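Nothing in this text is a laboratory measurement; each read-out follows from the coordinates by a stated rule. Note that the structure is predicted; figures quoted are calculated from it, not measured. Note that we place each Cβ from the backbone using ideal geometry, even for glycine, and neighbour counts take in every protein chain shown.
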Amino acid sequence: MSGEVNLHRLLAGLTAECQAEVYVFVTLPEETVLPAGLKPRMLFREGEGLTLIVEQHQALEFGWPSAFPCRMITLTVHSSLEAVGFMARIATALADRGLGVNPVSAFFHDHLFIPLGREADALAALADLAAKAKQSD
């Protein structure tokens, strides 16, 4: 498995990039035919239907009701899908600042969907978490 599994190295090497796009969550019936040109950031099949994370302008363009306007923060450290405790530490640091998060782990990176307007708070929490890990070296 590629990617870092050592929790201390993950935290000490933690850097984050906030994407400029505003994303929203959309739910559609399972049988929905997705429009040509749609580029969802994520598509997940649930028992209740399809959940998509799309840019807000796309949800508006297609007339889809949406929820949770947010920004995506990408953790640039290459974490393993088998890393233990990494997302728990991230979520705890954000919760300590009153921030909810919707995390998505992909093969190379973890991505955090943070409520719109709170991205600076999230970036500060992540920077503090990395600084504390570096200090303990």
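Summary of computed values
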quantity: Directionally averaged projected area (convex hull, Cα atoms, region 1-79), nm²; calculated: 7.1 nm²
quantity: Under the Karplus curve 6.51 cos²θ - 1.76 cosθ + 1.60, θ = phi - 60°, whole-Hz ³J(HN,Hα) for region 10-26, x wherever Gly or Pro sits; calculated: 4, 5, 5, x, 5, 9, 9, 10, 8, 7, 6, 5, 9, 10, 9, 9, 10
quantity: Note, ³J(HN,Hα) from phi for region 54-69, Karplus 6.51, -1.76, 1.60, rounded to Hz, x at Gly and Pro; calculated: 9, 5, 4, 5, 6, 4, 5, 4, 8, x, 8, x, 9, 9, 6, x
quantity: Region 11-52 pair-distance distribution - Cα-Cα, 10 Å bins, rounded %; calculated: 22, 41, 22, 14, 2
quantity: Cα point-scatterer Debye curve for the chain, base-10 log of I(q)/I(0) at q = 0.10, 0.20 Å⁻¹; calculated: -0.37, -1.15
quantity: Virtual spin-label span in nm between Thr15 and Ser105, 7 Å along Cα→Cβ; calculated: 2.3 nm
quantity: Extension gain from Thr76 to Ser2, taking 0.36 nm per residue of separation minus the Cα-Cα distance; calculated: 25.2 nm
quantity: Estimated FRET transfer efficiency (Lys134, Thr32; beta-carbon r; R0 41 Å; 0.05); calculated: 0.35
quantity: The chain: angle of helix 86-95 to the longest principal axis, Cα-based, in degrees nearest 10; calculated: 80 degrees
quantity: Protection proxy ranking, peptides 57-64, 16-23, average beta carbon neighbours within 10 Å, highest first; calculated: 16-23, 57-64
quantity: Between helix 119-135 and the chain: long-axis angle, C-alpha atoms, 0 to 90°, nearest 10; calculated: 30 degrees
